[in-house]
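Heads up, the thing below is written out as structure tokens.
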Amino acid sequence: MIKLINVCKEFNGRQVLNNINLEVQPGETMAIIGGSGSGKSTLLKLMIGLIHPTSGKILIDGQDIAAMNDDELDEVRLKMGMVFQYSALFDSMSVGENVAFGLRERMDYSEERIQAIVKEKLELVGLPGIEDFMPGELSGGMKKRVSLARAIAVNPDIIFYDEPSSGLDPIMSGKIDELIIETQRKLKVTSLVVTHDMVSACTISDRIAMIYEGEMIAVDTPEAIMNSTDPRIKNFVHYRDFSKGGRS
């Protein structure tokens, strides 16, 4: 579903990503981990086409988006949904209008069908009947759920998550993890999650990829990553005492 081949990215002559190779299979949940400044957020922007690589190929379902113009990219993005780090809801729009936004922008649906989809997706993320609420009336966890409902409204093949547990308490973070797993199970989507939260990464993912100083240094199962002897990986994944509950 996603394949990166020798992807490099420079900003003002500074190498941010160096020869990244990665494959994400259809229906797989892949977590991307790495420290601040490692390049994981840049990698996410590349995969959704917000920026272009300096060199290399980025294949989405076999199509190289690195070689596409804006119109061609828009067609590929119909296969994608995005859950932003801070939800990125439109404050001036109701919950229902937020969830319907992509449908109105992308699809030629009747208003009746749009409202039915909004209702269905809000129920799927455990928030039935809140269409008329405003974002300012919601908790952080509820905003994340609405953001996911908006992402899945267009029935994407791929969902990208940017730090989904950021800003949430441990209990709500766990609920968001459960929601990601349930969404993948019900919709059979391919999920790619950028996170610094190792508890979340190990809970939700089939495999974990780690970026270190712009290079992909490991792609393996959560168990193998947690048991790695590579000091760069060990220093990152064991920076908390997970035996005492993980998140802090």
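No value in this document is a laboratory result; all are computed from the given coordinates. A quick note: this is a predicted structure, and the numbers were derived from the prediction, not measured. Neighbour counts run over all protein chains shown; Cβ positions are idealised from the backbone, glycine included.
Some notes on this structure:
- Top-ranked residue in segment 101-150 [being more than 17 Å from Ile181 (Cα to Cα) and polar (S, T, N, Q); ranked as surrounded by the most Cβ atoms within 10 Å (Cβ to Cβ)]: Gln115
- Residue within segment 205-212 that is farther than 24 Å from Ser228 by Cα, in contact with a Pro (Cβ under 6 Å, 6 or more places away or on another chain) and crowded, with 22+ Cβ neighbours inside 10 Å present: no
- Among the residues of segment 52-72, those that are surrounded by 14 or more Cβ atoms within 10 Å (Cβ to Cβ) and part of a loop (DSSP other than H, G, I, E, B) comprise His52, Pro53, Thr54, Asp61, Met68.
- The set of residues from segment 73-100 being assigned to a helix (DSSP H, G or I) and either surrounded by 14 or more Cβ atoms within 10 Å (Cβ to Cβ) or in contact with a Phe, Trp or Tyr (Cβ under 6 Å, 6 or more places away or on another chain) (or both) comprises Leu73, Val76, Arg77, Val95, Gly96, Glu97, Asn98, Val99, Ala100.
- Scanning segment 57-92 for residues that are free of Cβ contacts under 8 Å to residues at least 12 places away in the same chain and within 19 Å of Val125 (Cα to Cα) returns no hits.
- For segment 203-243, the set of residues classified as closer than 25 Å to Ile60 by Cα, hydrophobic (A, V, I, L, M, F, W, C) and in contact (Cβ under 8 Å) with a residue 40 or more places away in the chain consists of Ile204, Ile208, Ala209, Met210, Ile211, Met216, Val219, listed by residue number.
- Residues satisfying the criterion are present in segment 157-166 (criterion: in contact (Cβ under 8 Å) with a residue 24 or more places away in the chain and over 18 Å from Ile33 (Cβ atoms)).
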